[in-house]
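I have placed the structure first, in the form of structure tokens, so that the comments after it can refer back to it.
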Amino acid sequence: MGYIRSLPKSDDGRESAMTTAKNYKDLVGPSANVLSASNSSLLDAHQPLFIQLRSACSDAEEKYKEAQTPYNRLLEKLKNKSSHGLQLVNFKIVDEDEGFPITVRVIYRLPLNGNLPKMHTAHQIMAGAEDFIQGETTRVSRGETALTDIKWTEVQEMLNNLRDMSLEKGNMLLIFKTALSALKEERKKVDTLISNMWDDIEHAVQGKSKASRHKIGKIWGMTFEHTSGTCTINVHTEDADSHLDLAGVDVRIGVPAKKRGTKRKTNTRGAAIMESRYFNATHIIATHILYETLAQEIKIKEGGNINVTLKMKKKIVVEYT
């Protein structure tokens with residue numbers, strides 16, 4: 001059974017490969033260091049930097065999630081409060097309460113048939129709250145009495161707080177995206193460095209037995225995959241416009257018009273590792289509910305190791321009113 005080197009596909013793998021190589025390099029000293037002076041210097045710089053950027057990205061993601069939870073809760077409360085307020089106006093019109101003729105719907109920006117506005121998105125919910133506040137403040141300015149069951153002042157306070165939280169959430173998202181972008185750029189440099197380091201290692205063990213080459217490579221942090229009877233396909237899915245990793249994409253090897261073939265789902269980094277025993281030209285098909293199905297031709301060879309990047313385009317959503 002043969003084996004080939006398998007470059008890391010995860011950030012854990014990248015960190016492990018660099019840390020193992022750096023620790024062993026520092027242990028054996030310059031005389032036994034098989035890495036070039038340039039790669040040794042780059043390793044000393046990028047190993048701690050990569051760990052630092054991973055930590056910064058993780059912290060930024062956690063803070064964004066922390067900011068999103070109370071925002072979502074308040075958004076739901078605002079939706080209930082404002083929609084109930086508009087419903088109450090409709091009830092008073094139907095009951096023909098004093099001061100609530102059918103035309104009063106106009107100042108709440110409601111259609112005369114009494115239909116409530118859509119409140120599916122944050123923008124729609126905020127707009128609905130503004131409509132309720134607009135109606136109530138207009139009536140009060142005419143000298144009429146504000147509703148007491150649903151108070152417009154409470155809705156206004158919730159709306160103001162939500163706007164503040166939205167701004168904070170937006171700042172947290174920007175920080176997270178910036179950290180994610182920095183990590184992504186560093187990841188490219190790290191992948192090149194690891195490949196170059198492993199070239200140094202393989203050069204240093206030339207002439208030794210296969211078992212010795214394998215053993216020394218593992219000591220320096222190299223990882224391997226068995227190649228007998230299979231081909232490994234390393235898939236990465238990303239948004240074609242933003243280039244952000246796409247998680248949860250269903251990928252399949254086979255004929256586009258059929259459903260057979262090896263199947264996987266991409267992880268949080270947009271990666272999936274697949275193996276195939278079908279050695280020929282075929283396709284890899286990617287599907288996601290929010291993206292257009294993509295079929296990309298690949299050629300599989302026994303014992304091969306193929307890297308495939310699938311750039312997926314978002315579906316165009318047409319809204320009918």
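The values are calculated or read from the model by the stated rules, or taken from the named source; none is laboratory data. Not measured: the values here are computed from a predicted model. Positions of Cβ are generated from backbone atoms using ideal geometry, with glycine treated the same way; all protein chains shown enter the neighbour counts. Just the protein is used for accessible areas: all its heavy atoms, side chains included, with ligands, DNA and RNA removed. Shrake-Rupley method; radii C 1.70, N 1.55, O 1.52, S 1.80 Å.
I'd like to check something: does region 205-217 contain any residue that is crowded, with 17+ Cβ neighbours inside 10 Å and either touching a strand residue (DSSP E or B) at 6+ places or on another chain (Cβ under 8 Å) or within 28 Å of A182 (Cα to Cα) (or both)? Within region 205-217, one or more residues are crowded, with 17+ Cβ neighbours inside 10 Å and either touching a strand residue (DSSP E or B) at 6+ places or on another chain (Cβ under 8 Å) or within 28 Å of A182 (Cα to Cα) (or both). When K65 is tested against the conditions (1) within 30 Å of N171 (Cα to Cα); (2) at pLDDT 95 or above, the lone failure is (2).
I'd like to know if region 73-82 contains one or more residues that are more than 39 Å from the chain's Cα centre (by Cα) and within 15 Å of A146 (Cα to Cα). Among the residues of region 73-82, not one is more than 39 Å from the chain's Cα centre (by Cα) and within 15 Å of A146 (Cα to Cα), which makes the answer no.
Quick one: in region 233-270, which of the residues that are hydrophobic (A, V, I, L, M, F, W, C) and crowded, with 20+ Cβ neighbours inside 10 Å is farthest from I316 (Cα to Cα)? Filtering first and then ranking leaves I233. Taken over region 141-176, the criterion of being touching a residue at least 24 places away in the same chain (Cβ under 8 Å), loosely packed, with under 11 Cβ neighbours inside 10 Å and among the β-branched types (V, I, T) is satisfied by T145 alone. I'd like the full set of residues that are open to solvent by less than 30 Å² (accessible area, probe 1.4 Å) and among the polar types (S, T, N, Q), limited to region 85-112. N90, the sole residue that qualifies.
Inspection of region 140-147 finds a residue satisfying the criterion of being at negative phi and assigned to a helix (DSSP H, G or I).
Taken over region 113-131, the criterion of being loosely packed, with under 12 Cβ neighbours inside 10 Å and more than 31 Å from the chain's Cα centre (by Cα) is satisfied by N113, N115. Within region 245-273, residues that are in contact (Cβ under 8 Å) with a residue 24 or more places away in the chain have Cβ atoms under 8 Å from residues that are of a type in the set (F, W, Y) and crowded, with 17+ Cβ neighbours inside 10 Å in these pairs: L246/Y291; V249/Y291, counting only partners at least 6 apart in sequence or on another chain. Among the residues of region 12-63, how many are open to solvent by less than 30 Å² (accessible area, probe 1.4 Å) and not in a helix (DSSP H, G or I)? Looking only at that region, the number is 2. On inspection, D44 fails the criterion of being under 25 Å from N196 (Cβ atoms), of a type outside the set (A, V, I, L, M) and touching a residue at least 40 places away in the same chain (Cβ under 8 Å).
Against the conditions (1) touching a strand residue (DSSP E or B) at 6+ places or on another chain (Cβ under 7 Å); (2) closer than 30 Å to L147 by Cβ, K9 satisfies every one except (2). Where strands (runs of 3 or more DSSP E) sit wholly within region 205-291, those with at least 3 residues that are among the small types (G, A, S) and out of contact with any Gly (no Cβ under 7 Å at 6 or more places or on another chain) occupy 271-276.
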